[in-house]
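Single-structure report; data block below.
Computed from the coordinates by the stated procedures, all read-outs in this text should not be read as laboratory data. No experiment lies behind these values; they were computed from the predicted model shown. Glycine also receives a Cβ, built like all others from the backbone with ideal geometry; neighbour counts cover every protein chain displayed.
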Amino acid sequence: MKSLIALSLAVLSLSACSKNYYDQGYMLKEESLTKLKVGQHSKQDVLQLLGSPSFQSSFDSNSWMYLSTTRYNKPLDQNVLDKRQLVVLEFSKENLLTNISRKTEDEGVNIKPSEQITEVKGHKPTVFEQLVDSATSGLDF
């Protein structure tokens, strides 16, 4: 019985060390992409085959982008990027597919968030005001 408990604990502790993968975005299937033919498929064809894009270019509505990201969590190392792929589809003014390109995380640019702090003007509630507000929230007077 003790060996069964020890074995169970060992299995549980090892499973806690495994990576847990999760996908975000639009996970394109390779066979769907290979069906697309430049000069032959329209925006409507692409919508039927791939669905709506993750986003469209702000400056050019003829560029559609499908973004997919795979990340994993493991103990002491959360939200680690495993791979990222961006598929860019470009269309002519006649709505025909003109180009298919792929971008990976190696081609991306890491943007460091600003460390500047925006000053907020206004009243900062005291601890007492916060307590009273919490105690009376939801009460109709």
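Please go through region 66-94 and pick out each residue that is acidic (Asp, Glu) and in contact (Cβ under 8 Å) with a residue 24 or more places away in the chain.
Once the filter is applied, which keeps residues that are acidic (Asp, Glu) and in contact (Cβ under 8 Å) with a residue 24 or more places away in the chain, region 66-94 yields Asp82, Glu90.
When region 95-115 is examined, which residues are found to be of a type in the set (A, V, I, L, M) and in contact (Cβ under 8 Å) with a residue 60 or more places away in the chain?
Result: Leu97, Ile100.
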